Structure formats: C-alpha cells, structure tokens
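**Q** Mind having a look at this structure? Questions to follow.
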There are 2 protein chains.
Amino acid sequence: MNRREFLLASAFAAAGLTSSSVPVFAKQGRSRDKLGVALVGLGYYSTDLLAPALQLTKNCYLAGIVTGSPEKIPQWQKKYSIPDKNVYTYANFDGIANNSAIDVVYVVLPPSLHRDFVVRAANAGKHVFCEKPMAMTVAECEAMIAAAAANKVRLAIGYRCQHDPNIQAYRAIGRNRPFGAPVLLSSVAGFYDPRSKNWRQIKALGGGSVRDMGIYAIQAARMATGEEPMLVLAQSSTTRPAIYKDVDETTQFLLEFPSGARASCMSSFGVEMNYLNVNYEKGWLRMNPHSQYKGNKGDLSDGRLIDFSITNQQARQMDDDCAAIMTQGRLIAPGEEGLRDVRVVEAIYRSAERQAVVPI
Amino acid sequence: MNRREFLLASAFAAAGLTSSSVPVFAKQGRSRDKLGVALVGLGYYSTDLLAPALQLTKNCYLAGIVTGSPEKIPQWQKKYSIPDKNVYTYANFDGIANNSAIDVVYVVLPPSLHRDFVVRAANAGKHVFCEKPMAMTVAECEAMIAAAAANKVRLAIGYRCQHDPNIQAYRAIGRNRPFGAPVLLSSVAGFYDPRSKNWRQIKALGGGSVRDMGIYAIQAARMATGEEPMLVLAQSSTTRPAIYKDVDETTQFLLEFPSGARASCMSSFGVEMNYLNVNYEKGWLRMNPHSQYKGNKGDLSDGRLIDFSITNQQARQMDDDCAAIMTQGRLIAPGEEGLRDVRVVEAIYRSAERQAVVPI
C-alpha cells in the first residue's frame, strides 16, 4: 500500500466505510495511484463537464475514449494526450477487455443505450460509471446490476449531487430527523430546452422530462424524507405540442411516503426551476437550488445555513467512486440507488398514462 | 360633496374607476365622512385583526357588533365605545334594518353561516362585507350576489390580500404579461393548526384546508396567471387522522389554465408554508410569503423587487371598499370574485373524492 492508498483507506475507515486493508486495482491486479477512466459518448456532458473534471481528480484520470463520432477523435487525443491504443469505437469497444490502462468505463450515452454498454463494460471486466437515468426500466437496471455482480466489478451511478456536501447536509436531515418526521414537501427541477431533436425529445433514446430532470426532484424528495415513495399520482403536459409529441415536456407528480409524508413535484424542459422546500413536524429546510452543478445552498428552521464550498462536483464524484473501488469501500450511489429512482420514474409515467394513482 | 368625498372621488377617477359625481350613503341617504361598520361574529379575526384595524381606517369606523356570545358584549362596548342601540344578537339581528348608524355589516362567522347572514344583512338594506371563503357552494354564492343586487347594496369579500400593494404588483404581472404567458407555477399556503375543534376541523361549519388556506393558493395561481383554471386533479391527506376525519388537513391540487399553464398547489393545516413561484415564457416571479398579514414580498427575473410597505392590510381593505361604496366605484373583490374561488374549491373537493380530473 503506498502512502496515498494508505491515506484513502484510513479516511474511509474513519468515515465508517467498509474497506479492505489492501486496495485492489481491478482485475488486472495492477497497483498505482490513479485509475484510468474511459468516457463512452463524447457529447456535451463528457466534453464540457467530465473531461475537464478529470483534470482535477486525484484518484483517476482520463485514459481513454469510446465514440461513435470518429471526427471527434483527433481533437480529444490532442487535447488530453490519449494514445491510439485507448481509443475505441462502438464496434470494437469490447476489445477494451484487453486494455490494462482502462480501469473504469464511464457510460455517458442517451439512456436507452445504458443497459447495453454497461453490460458490455462489465463483461469486459471493467468497473462502470453510468450516467443518470440509470436505464429505461427496472428490468434493465436489474440486468446491469447482475452483470456487474457476475463480473465482480463495481457499478456506480453518476449522481454528482450525492457527492456535493450541500446535498449531503440536507440528506442528513432526512436520515437523522432532528426536526421529526417529514410532513409535506415540494421539489422541482427543470430547465428550458430550446432543442427539438436532442435525445431528451426522442422517446426511443430515453427522452422525457421525468427521466432527465424528474430524477432530481425524485431524489430530493427521497433524500429529504429518508424514505422511498409508495404511491404516485402524475399528470404530464406541454406548451409546445409540436415538439413534445412522444415525450413529456412537463410532469407534475404527487408522491406518498410510508410515514404519510407527501411531496408535490414537477419536472420540465419548459422552464428553469430548481428548489426544494420541506416541512418536518418541528421545523423546515429549504434548498434553492438543490441540484445545480454549483451553488446549491439552503437554510434550516433552526437558523443554520447549508452553504458548503465545492470546487467541482463531477471531480468529487469520480474521486469518491474511485476511492471506493480502490479501497473496496461503499459506493455513495451504487446501481441499486439508480434503480430506486428508475422504479419511481416508471410509476410516474404509468400514472400519467392511466390518469390514476399507481403503486411504486 | 364634502372635501373628503371630493378627494376620494377624484382619486378613484384618476385610478380609472367608475364613480358617480355624488357619493351615495346607503339607503338612508345620510352623508358623512365615515361609514359605520358592524362586525358579525366576535372571534379571533374580529377581535385581533378587524376591530384594531377599524381604529386605523379613514373611511369607516367600528359602529356596532352582532354576537351569539353575550358575555363578550360589555368588554367590546367599553373598549370601543359602542352604544347599546348598536349591539345585536343573532336573534334580533334583522332589526339592524332600522339602525341608521350601521352602513355596512361585516360577516366574520364560520363559512357555513355566511350565506344566511349575508342575505339577512342585504335584506336589511346594509352593504355587506363577507369573510373568505365566501360560502360553502357556488349556489350559495349566487344567492348572496342576488340578494345584494335585489336590495341595491354592495357585497365585498374580505380579501385583504387583494388590497396589499405587493399582491397588486404581482397581479399586474399576470394581467400585463411583461414576461409573456404563464407556463408553470407552484403556489402553497398552510399553517400548523394545533386545535381539533375549531370550525376549520368541522365539516358542518365549513372546515377543511382547501376552503381556508387553499383559497390563498388558488388566488395566487389565478392572479399570477390572470386566468381562471379549467381543470383540476386533487388529492387530500392527513398525518393526524384522529383529528382530520371529516375534513382535509392537507390537499395537493394541480390546476390547468386556458393558456396551457399548469399549477401545482398545496393547502394545509399541518405545516407553515406560504410561497408562490411562477415561470412565464420569458421570465419569472417569486413571492415569499405571498399572502401573510404582513411582509409579503418577492422579486422578478428582471431584477425588480416587490417590497411595498403597508401599515395594515385589513384597514386598507375596509377603506378601499368603503371608498368604493361612497363613490359608487368598483369593488376590488366583489361577490363575483369570491364565487370564482368557491367554484375552484368545489371542484378540488370533487376531484379529491373521485380521484379523477374534473372540470371547474
């Protein structure tokens, strides 16, 4: 164990996380300071968020790319000094199994492609990061979790928020209940999407506002209550019917939790909105915003502020997840966590379709 | 016309309101500076809000009381110098017709009694102020409006908020549409009611959170959009089933407006909450709080603040309404406005009962 690994293992032990005494590096049995990450899908999120974040990470670095757009390859190779041997297309992707430079495959494709690429990456013996939403259905999520388990690799969902200390602070309120049980909350997430042909507007690719922005509203409700919703009543709508024919532009959904707590939530591609207001029995919390890339902050009824600084969410997320892999520690957002949200998403769409309350 | 009447008439003319050239004082044809108001029902709202406000009003004063609790009479008479001839019980209330000192009867009873007392007051030839909610049903509201019309008296709903310049400021956004059409909004109003036997918890008296606090959420949505909702989907719940057996403690309701705008609303006796967040096509407005007795304030996406000072909402309300009576001007919240909200309340309860979308 080198000094960095020792420090990591100690930190995780101090945090009460499971960790082996000796960090283990993937299947190849190599030992080094940083894990090599390959990004699959070189769209906006990889280009503008993940690749820059991988210049800030301490436990991993950008080692490779996998793309269906060959014209993007030269620029990426030049900018990030990526050797030819670490560049893949979707066709030869499975060959990554033999590349010891790649420890983690990060799937950043439209949702309908997550299951296939996550399973292929796991079968190639690589740890996997997968963007949100985890997949199209609960069944797909289960297949992905099973593939990771069968191959003895880790599967983490790219839930950057759960690595943000501001989100962790309000999540602790839901877990520790200093204000008693949750009673009523509102949680909304949306942005104005001027596009009409992004995957968000295409059903076959996994579009729809609930799948994309709704996940944030769902997570906020789950984390602020510390509970899993049992029932949902949902209604979808659009003010741009020419664009939103097959997927929802906006969905309003009401969640019921085991404690009796209720949530009024909204997701949208039509408006910019991002806040969480929670009433507990003996106090409240407000976050505004609650799930942006930066600046998440809020306050509590006892006067405490939630306003922690964080340099880069995605860098923190990947560092946390790579530390968990290296120390065999607990992942903050494993596949099982992604599945919980997809289960709610499925129920929301079912409710909106049936115009009825449905169990989750 | 005395100087004060002249100033009032001029002010209303400047404000573009209909006004006769000569103010008219009720049926008695008297002419004086202030209208005499009799409060019907001496509970908390009359005692702690309206009677003190009537010490601040310029266009009216506390002239009489009508009560079913004779033990309250001596204290009220002493505190506000109310002569014996201006004190009524519910039994002899109709005799108020012959009392020229009373110009306006303000009905501050539980909602189930509004129709009866408003009709009796109108039949006695008095102008009428009526607390919110206007009545239990649309049919009752229509009977009250008809009684006022038949007796040629004015009927104003005690919508203090509509007289608050902060509310008027955001209402102007809904009317004038500087940010384009409304798209999506959230509007909530609630307080924690520790009581179990107030009228709010008793169905026969007009209890239920939608009738009481829901009115504020409904009004906020109506005013911020400048539209009347067409459809509603609602769900009621409680975390105190021992108390909330017959009426709703909390209701979540989704409204659809003619423009396609949607609202997610909540009303509750379980939690303290009061905010309005509206997204328009090209901007937004936030009010927090939007309907408290004082301190309503907010901001707009163009950087403007809504933060006007107002000494006393109820005094402003009664002064505005008495000015409208004296100048035969437009009432800010006539019976027709109260009816609009009761129509929505009725539909919300119907939707919650049927668990289905219902037309309004």
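**Q** Applying 1/(1 + (r/R0)^6) with R0 = 30 Å to the Cβ-Cβ distance of A:Glu336 and A:Tyr45, what FRET efficiency is obtained, to the nearest 0.05?
**A** Efficiency, from the Cβ-Cβ distance: 0.85.
**Q** Taking beta carbons within 10 Å but only from partner chains, what does the mean come to for residues B:278-284?
**A** 3
**Q** Another question, then. Given the -39500 (n - 2.57) contribution per DSSP H run of 4+ residues, what per-residue ellipticity at 222 nm results for chain A, rounded to the nearest 500 deg cm²/dmol?
**A** -8500 deg cm²/dmol
**Q** Among the aspartates and glutamates, select those whose C-alpha is under 17 Å from the C-alpha of B:Lys78, and discard any that sit fewer than 8 residues away in the same chain.
**A** B:Lys78 reaches B:Asp48.
**Q** Classify region A:241-280 as rounded, prolate or oblate from the Cα gyration tensor: take a ≥ b ≥ c as the square roots of its eigenvalues, call it rounded if a/c is under 1.5, otherwise prolate when a/b beats b/c and oblate if not.
**A** Here region A:241-280 falls in the oblate category.
**Q** Which Cys residues of chain B have no other Cys beta carbon under 4.7 Å away?
**A** B:Cys130, B:Cys141, B:Cys161, B:Cys265
**Q** Under a Cβ-only charge scheme (Lys and Arg +1, Asp and Glu -1), can you give me the dipole magnitude of region B:116-206 about the Cα centre, in debye to the nearest 20?
**A** For region B:116-206, the charge dipole is close to 120 debye.
**Q** Note down the net charge around B:Gln77, summing +1 for each Lys or Arg and -1 for each Asp or Glu among other residues with Cβ under 14 Å from its Cβ.
**A** Surrounding charge for B:Gln77 is +2.
**Q** Looking only at the protein assembly as shown, where both bridge partners belong to it, what percent of the DSSP beta bridges are antiparallel (to the nearest 5)?
**A** Bridges in the protein assembly as shown that DSSP calls antiparallel: roughly 55 percent.
**Q** In nm, what does the list of distances from A:Thr89 to its counterparts in the other copies look like, shortest first, when each label sits 7 Å along Cα to Cβ?
**A** Spacings between copies for this position, smallest first, are 9.7 nm.
**Q** Let me make sure I get this right: for region A:50-117, a, b and c are the square roots of the gyration tensor eigenvalues over alpha carbons, sorted descending. Under 1.5 in a/c it's rounded, otherwise prolate if a/b > b/c, else oblate. Which is it?
**A** rounded
**Q** Roughly how many whole Å is it from the C-alpha centroid of region B:224-276 to that of region B:321-336?
**A** Rounded to whole Å, the Cα centres lie 29 Å apart.
**Q** Report the Rg/Rh value for region B:201-360, based on alpha-carbon coordinates and the Kirkwood definition of Rh.
**A** Looking at region B:201-360, the ratio lands at 0.99.
**Q** I would also like to ask the following. Measuring from label point to label point, each 7 Å out along Cα→Cβ, what is the A:Ser301 to B:Glu71 span in nm?
**A** Taking the simple label geometry, A:Ser301 and B:Glu71 are separated by 3.3 nm.
**Q** Determine the percent antiparallel among the DSSP beta bridges restricted to chain A, to the nearest 5.
**A** 55
**Q** Over the alpha carbons of the protein assembly as shown, what is the largest minus smallest coordinate on each principal axis, giving the biggest first in Å?
**A** 101, 46, 42
**Q** With the dipole of region A:209-343 worked out from charges on the C-beta (+1 for Lys and Arg, -1 for Asp and Glu) around the Cα centre, which of A:Pro229, A:Tyr244, A:Asn279 lies farthest toward the positive end?
**A** The residue sitting farthest along the positive end of the dipole is A:Asn279.
**Q** Grab the other residues whose beta carbon is less than 12 angstrom from that of A:Arg175, score K and R as +1, D and E as -1, and report the net.
**A** Result for the local shell: +2.
**Q** Would you mind counting up the charge near A:Asp307? Only other residues with Cβ under 13 Å from its Cβ, with Lys and Arg at +1 and Asp and Glu at -1.
**A** +2
**Q** By per-residue mean of other Cβ atoms within 10 Å, what is the highest-first order of A:49-56, B:271-278, B:92-99?
**A** B:271-278, A:49-56, B:92-99
**Q** Okay, moving on. Determine the distance separating the Cα centre of region B:153-222 from the Cα centre of region A:174-217; give it in Å without decimals.
**A** Comparing the Cα centres of region B:153-222 and region A:174-217, I get a distance of 27 Å.
**Q** Mind checking which lysines have their Cα closer than 18 Å to the Cα of B:Lys34? Skip sequence neighbours fewer than 8 apart in that chain.
**A** B:Lys58, B:Lys126
**Q** What length, rounded to one decimal in nm, is gained on full extension from A:Ala150 through to A:Ala172, with 0.36 nm per residue of separation minus their alpha-carbon distance?
**A** 4.6 nm
**Q** To make sure I understand the rule: partners must be lysines, Cα under 29 Å from the Cα of B:Lys197, and not fewer than 8 residues away in the same chain. Which ones qualify?
**A** A:Lys282, B:Lys72, B:Lys79, B:Lys132, B:Lys245, B:Lys294
**Q** How would you classify chain A from its alpha-carbon gyration tensor, with a ≥ b ≥ c the square roots of the eigenvalues: rounded for a/c under 1.5, else prolate if a/b is greater than b/c, otherwise oblate?
**A** The shape class here is oblate.
**Q** Dipole of region B:71-175, Cα-centred, from +1 at each Lys and Arg C-beta and -1 at each Asp and Glu C-beta, to the nearest 20 debye?
**A** Dipole of region B:71-175, to the nearest 20 debye: 300 debye.
**Q** Continuing with this model, one more query. Averaged over peptide A:258-270, how many Cβ atoms belonging to another chain are found within 10 Å of each residue's Cβ?
**A** 4
**Q** With +1 on the Cβ of every Lys and Arg and -1 on the Cβ of every Asp and Glu, and nothing else charged, how large is the dipole of the protein assembly as shown about its Cα centre, in debye rounded to the nearest 20?
**A** With only Lys, Arg, Asp and Glu charged at Cβ, the dipole is about 720 debye.
**Q** Now for a different question. Take every Cα pair under 8 Å in chain B that's 6+ residues apart, average their separations, divide by the length, and report that relative contact order as a whole percent.
**A** Across chain B, relative contact order equals 20 percent.
Taken together, the values in this text are just the output of simple stated rules run on the coordinates, not laboratory data. Since we're looking at a predicted model, the values are computed, not measured. A quick note on method: Cβ atoms are made from the backbone with ideal geometry, for glycine too, and the neighbour counts reach across all protein chains shown.
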